[in-house]
């Protein structure tokens with residue numbers, strides 16, 4: 001897809017009626033908004049003041065003492081921006097895709113996926129999962145990270161950790177845990193790429209959508225969709241939409257420990273997924289290869305995984 005440069009908005013004069021880009025206020029979200037603005041301005045030859053970044057404090061940033069799954073799940077990252085978008089307060093919004101619910105409101109469209117960053121997790125506090133001291137306390141509130149860690153190291157314990165990157169690193173420095181796990185993509189976007197030890201994605205599977213930035217606009221706003229098409233990265237879109245299709249077919253939610261790795265091989269995608277019981281005791285894995293853009297293949301992998309998984313895993317997935 002390419003943008004229609006014939007549309008009058010493509011020649012939007014600098015400083016006049018800037019497009020309004022909504023984002024959360026966290027440092028990482030602001031960095032993602034700035035990347036989006038820079039890519040869009042470069043694609044259309046605009047000055048930076050053609051886009052105004054409009055920050056909002058999301059509910060998920062306000063409540064930090066409980067796991068996300070207990071207080072409303074991923075919608076806590078999106079509901080304020082969704083409301084602004086639908087009310088016309090902003091023209092488009094930027095999100096970390098892994099924070100966006102699998103099923104989105106019909107009036108909202110994912111118009112662009114930026115080139116995906118590093119999908120790996122980074123371990124902070126030890127050089128590897130095997131090198132963690134016996135009985136180590138691991139700070140995380142992500143069911144996938146907790147289950148995957150406990151599967152590899154059942155001697156360890158999980159300490160609930162929420163907050164932005166600086167908050168979690170501060171908790172670690174204060175001794176609230178012995179180690180924590182962060183997304184390499186977030187660290188890279190914050191200029192903190194030297195922090196911790198990246199984990200091999202083939203051995204420690206990432207989260208669905210990890211490292212991807214999604215740009216959303218109103219589904220009926222064809223002009224903005226055309227502008228955003230100029231920064232849509234098709235290979236990243238194919239990969240993350242396959243992962244989201246898998247999540248939808250599994251009936252997973254923010255309580256469901258699922259890890260997934262997508263590799264592109266020419267026009268073919270390889271989708272490898274593992275499901276866990278929350279305590280890490282049970283693990284089931286599967287893989288499927290299919291043509292990029294095939295909407296049915298991820299569902300076949302979901303069916304296969306759920307058919308083979310024990311009840312300790314299937315209890316956390318509703319299937320389809």
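Per the Kirkwood definition applied to all pairs of different Cα atoms, how many angstroms is the hydrodynamic radius of the range 66-209?
On the way: mean 1/r = 0.0602 Å⁻¹.
Mean inverse Cα-Cα distance, inverted, gives 16.6 Å.
Note the per residue figure in Å³ for the convex hull of the C-alpha positions in the range 244-314.
Details: hull volume 5.2 nm³, N = 71.
Residue-normalised Cα hull volume stands at 73 Å³.
Just need the relative contact order of the chain here, percent rounded to a whole number, with Cα pairs under 8 Å and 6+ apart. Walk me through the numbers on the way to the answer.
Details: 657 pairs, mean separation 64.6, N = 320.
RCO, the chain: 20 percent.
Identify the residues of the range 112-130 with backbone N under 17 Å of a label point that sits 7 angstrom from the Cα of residue 173 along the Cα-to-Cβ direction, or state none.
Of the residues in the range 112-130, 124-126 have backbone N under 17 Å from the label point off residue 173.
Could you list 90, 53, 258 so that the one with the fewest beta carbons within 10 Å of its beta carbon is first and the one with the most is last? The partial results should precede the final answer.
Numbers: 90 23, 53 18, 258 26.
Least to most surrounded, the residues fall as 53, 90, 258.
In Å and whole numbers, how far do the C-alpha atoms of the chain stretch along each principal axis, longest first?
Principal extents (Cα only, largest first): 61, 45, 34 Å.
Can you give the calculated 222 nm mean residue ellipticity of the chain, where each DSSP H run of n ≥ 4 adds -39,500 (n - 2.57) and the sum is split over every residue, rounded to the nearest 500 deg cm²/dmol?
Counting only the DSSP helices, I get -9000 deg cm²/dmol.
Among DSSP bridges having both ends in the chain, what percentage is antiparallel? Round to the nearest 5.
If we restrict to bridges inside the chain, about 70 percent are antiparallel.
With a 10 Å Cβ neighbour count serving as the proxy for reagent exposure, in which order, fewest first, do 316, 95, 197 appear?
So the ranking, lowest neighbour count to highest, is 197, 316, 95.
Using the 10 angstrom Cβ neighbour count as an exposure proxy, how do 98, 171 rank, fewest first? Write out the running numbers ahead of the final one.
Working: 98 23, 171 17.
Final ranking by Cβ density, sparse to dense: 171, 98.
Coordinate-derived values only; no laboratory data. Quick caveat: nothing in here was measured; it's all calculated off a predicted structure. Note: ideal-geometry Cβ built from the backbone for every residue, glycine included; neighbour counts use all protein chains shown.
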